[in-house]
Amino acid sequence: MQLKSHARTLAIALSLAVVAGCSSTGGSQDGDMDGGLAGGDRGGVTTGTTDGRGVNGDRAGQMTDADGRIPATRTIYFEYDSDTIRSEFEPVLTAHARFLRANPSATVILQGHTDERGTREYNLALGERRAGSVERYLNVQGVSPSQIEVVSYGEERPAARGANEQAYAQNRRVVFAY
Amino acid sequence: MKILKTTWLAAMLMLFTSLAQADLTIEITRGSDRATPIAVVPLADGDDLPQDIAQIVADDLERSGYFEPLERSAMFARPASSEEVSYGEWSALDVRYLVVGRVSREGENVRIGYELLDVSGGSRMLGETVTAGRQGLRDAAHYISDQIFEEITDIRGAFSTRIAYVTSTGLGDRTQYALHVADADGRNSQQILASDEPIMSPAWSPDAGKLAYVSFETGRPAIYLQDIASGKRVRATSFEGLNSAPTWSPDGRRLAMSLSKDGQPDIYVMDIGSRNIERITTDSSIETEPAWSPDGRSLVFTSDRSGGPQIYRLELGSGKAERITFTGSYNARARFAPDGEAIFLIHRGSNGYQVARQDLESGRLVALTDSRQDESPSVAPNGTMVIFATQQGGNGVLGGVSADGRASFRLPAAQGDVREPAWSPFLN
């Protein structure tokens, strides 16, 4: 049983690693170049992104030696202009807390998101506040602060498009990224 | 070797494709009712040039909201110089000013001789010859627009400036982000950074040579400073938490920013040379979106210490901050007018989030747009126009509005979303 569960975790980890690989290849040009590449008659440049590569893959890799499964629900949603954990999502947080306590080597990034209304930089701060409220909830449930990192994306990574409440509600969220 | 060569070609093709698609196209949405009628006559002998100089000049002048160019179809004559002009006939068309000119070749270069004429006085206000290479024709046209604009309005023209902006295409994990620099009319765009992680908050250095911006390329937000001509860049900050909203001091030596490394987001100022960082605010609320006053002595920023976002002004000498916006429950991301007498900001009004101007002495706030979802206002270096992000048909586009709100335009992209425009300083 123990073995079976471990094999399943490994399978998930591998599939996640593949997904992570796909999403990072479509991206920026010239992986490790930090300088300029001349192009066009106005002396234009294409600056590539650095670092970053394989970060998702590494994160997924941590699961292979984890004891137990990462809870399936990894997104919780928020009311407008609120960082309060809705009671319906408390079981989700409790499940993640249990997993993280049982797997002290596992780490999670809490990604905070907002809907598109209002200004971008202020929303970035609101997204951090939202993810911070999840972080405190997990800490209270005994999860070590060293296992948790908060990264806010504000309104930069919407899950749904559209200027309507349905899209806004899907975008006001915190995602558990292992 | 062969494989390498093919890859390089493919990469270049992709680059050129993205360059072409990233150009923005001006659409005038509202002309000012106070615009001055002007006629910009097509240049004599200019038909075979790759750029229509007179049209570029007319578009520049119209976009400013100060001028209403006469349609070409209404021009009964096409004089090439002041000697060929019958002032009475142009006066009958209610044209106040007239621009005429002629193109001649000088080897590889093009010489553009133009004159600005006062129709009512029947006099010549300006006459000049501009020489440009074939690649520099748009720049030459914007230069001519600047001269005409300043001669008539006594305000320095800002047509020869540039804008930076961020684009995104796709949704979710497939989203592609890019940072571009283009002419102020949206043309000649260049992609200067591409990433599959968000790019935010481009800000020009006062010499217009560098951009500061936030990139999530490492999986976390960090502030970068990039030289536009060479593409070389440095990572200025990568503290734990937020590294956001960088803006350059008017002397170019310091960056104001919002960091959350000590808890909640606060305003910090970095000395770029030494990388020393000074904490400016110490509140338990959100402090972000700093902007420098033109004299460099104070900052405005957004804070929700009163319960919702409002603008505060902080004197750097004393460290004292006072709230300066009181109209409505949401005022954010202020930018100073170049004369320091007003701020442009995002204000939540009856319709939604709009660009507004607040006079600092009277405290009076006036909405300049009636949109639902405006963001990121950025002021032209001559203070006459504000460029901002808004929505049109479900896509993010750039909009422009005159500082008095009377004239407006849109700058949509061929595909994807465009946002976070930053208007450059004067280039020289």
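The set of residues in region B:382-428 being out of contact with any strand residue (DSSP E or B) (no Cβ under 9 Å at 6 or more places or on another chain) and either aromatic (Phe, Trp, Tyr) or away from chain A (no Cβ under 14 Å) (or both) consists of B:382, B:426, B:428. Where strands (runs of 3 or more DSSP E) fall entirely within region B:20-125, those with at least 3 residues that are surrounded by fewer than 20 Cβ atoms within 10 Å (Cβ to Cβ) are at B:27-30, B:97-106, B:109-118. Considering region A:147-174, and only residues there that are touching a residue at least 12 places away in the same chain (Cβ under 8 Å) and more than 16 Å from the chain's Cα centre (by Cα), the residue that is farthest from the other protein chains (Cβ to nearest Cβ) turns out to be A:169. All of (1) touching a helix residue (DSSP H, G or I) at 6+ places or on another chain (Cβ under 7 Å); (2) at pLDDT 95 or above hold for residue B:173 with one exception: (2).
Across region A:125-136, not a single residue is classified as within 21 Å of residue A:95 (Cβ to Cβ), assigned to a strand (DSSP E or B) and hydrophobic (A, V, I, L, M, F, W, C). Restricting region B:281-291 to residues that are more than 9 Å from chain A (Cβ to nearest Cβ) and closer than 18 Å to residue A:119 by Cβ leaves a set whose member that is surrounded by the fewest Cβ atoms within 10 Å (Cβ to Cβ) is B:285. Look at region B:315-335 and say how many of its residues are part of a strand (DSSP E or B) and either touching a Phe, Trp or Tyr at 6+ places or on another chain (Cβ under 7 Å) or within 20 Å of residue B:371 (Cβ to Cβ) (or both). Number satisfying all stated conditions: 8. Looking across region B:167-196 at every residue that is in a loop (DSSP other than H, G, I, E, B) and among the hydroxyl-bearing types (Ser, Thr, Tyr), the one that is nearest to the other protein chains (Cβ to nearest Cβ) is identified as B:175.
Within region B:330-367, the set of residues being basic (Lys, Arg) and open to solvent by 20 Å² or more (accessible area, probe 1.4 Å) comprises B:335, B:348, B:357, B:364. Close Cβ contacts (under 8 Å, 6 or more residues apart or on different chains) running from residues in region B:87-113 that are of a type in the set (Asp, Glu) to residues that are open to solvent by less than 90 Å² (accessible area, probe 1.4 Å) comprise B:89/B:77; B:94/B:37; B:106/B:131; B:108/B:133. As a summary of the residue check, residue A:95 satisfies the conditions (1) touching a Pro at 6+ places or on another chain (Cβ under 6 Å); (2) away from chain B (no Cβ under 12 Å); (3) surrounded by 23 or more Cβ atoms within 10 Å (Cβ to Cβ) except for the one numbered (3). Please enumerate the residues belonging to region B:264-280 that are within 14 Å of chain A (Cβ to nearest Cβ) and either open to solvent by 10 Å² or more (accessible area, probe 1.4 Å) or of a type in the set (D, E, K, R) (or both). Scanning region B:264-280 gives B:264, B:266.
Checking each residue in region B:294-308 for being assigned to a strand (DSSP E or B) and of a type outside the set (S, T, N, Q) picks out B:299, B:300, B:301. On inspection, residue B:199 fails the criterion of being buried (at least 21 other Cβ atoms within 10 Å of the Cβ), in contact with a strand residue (DSSP E or B) (Cβ under 7 Å, 6 or more places away or on another chain) and away from chain A (no Cβ under 14 Å). The single condition from (1) open to solvent by less than 10 Å² (accessible area, probe 1.4 Å); (2) in a loop (DSSP other than H, G, I, E, B); (3) within 9 Å of chain A (Cβ to nearest Cβ) that residue B:157 fails is (3).
Residue count for region B:368-385, restricted to those that are part of a strand (DSSP E or B) and surrounded by fewer than 20 Cβ atoms within 10 Å (Cβ to Cβ): 1.
The values are calculated or read from the model by the stated rules, or taken from the named source; none is laboratory data. These numbers come from a predicted model, not from an experiment. Methodologically, a virtual Cβ is constructed for each residue, glycine included, from the backbone with ideal geometry; neighbour enumeration extends over all protein chains shown. The accessibility values were calculated without ligands, DNA or RNA, using every heavy atom of the protein model including side chains. Shrake-Rupley method; radii C 1.70, N 1.55, O 1.52, S 1.80 Å.
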